[in-house]
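Take a look at the structure below.
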Amino acid sequence: MPKGEVPFVSAYGIHQLHIFIFVLAVVHVIYCIVTYALGKSKISKWKQWEDDTKTVVYKFSNDQDWFRLAKDTSFRRRHLSSWSNTNVTVWTVCFFRQFFGSVTEVDYKTLRLGFIAV
């Protein structure tokens, strides 16, 4: 450094910054692996539900034409209840639902039938 000037960051500060960036990168990688593993475990449940839809009993009991006009389904009761009247309660319920049973078997099969119908 020229005489009378000081460095913006000391060598020790640069060293601490390198350590911080390394720890941040390691935590990020661990977080990504944990998120991937949790997602994979949740999707494994969906595989079982998908296998259930291939049985003859399921196909016979879940005819799309029969469900087209049914208004009192468990899917509707779960998503259109008293808590769905205001935005604040919807957001609160949805926030907590992401941690506990975000996609249920009824939701999966109902959305599956909707995609097939479209």
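Laboratory data are not the source of any read-out in this text; all were calculated from the coordinates shown. Note that this is a predicted model, so its numbers are computed, not measured.
Please turn the phi angles of segment 10-24 into ³J(HN,Hα) values with the Karplus equation 6.51 cos²θ - 1.76 cosθ + 1.60 (θ = phi - 60°), one per residue in order, whole Hz, x for glycine and proline.
So the Karplus estimates, Gly and Pro as x, are 6, 4, 5, x, 5, 4, 5, 5, 4, 4, 4, 5, 5, 5, 4 Hz.
I'd like the distance between the alpha-carbon centres of segment 94-109 and segment 11-30, rounded to an integer number of Å.
Measuring centre to centre over Cα atoms gives 37 Å.
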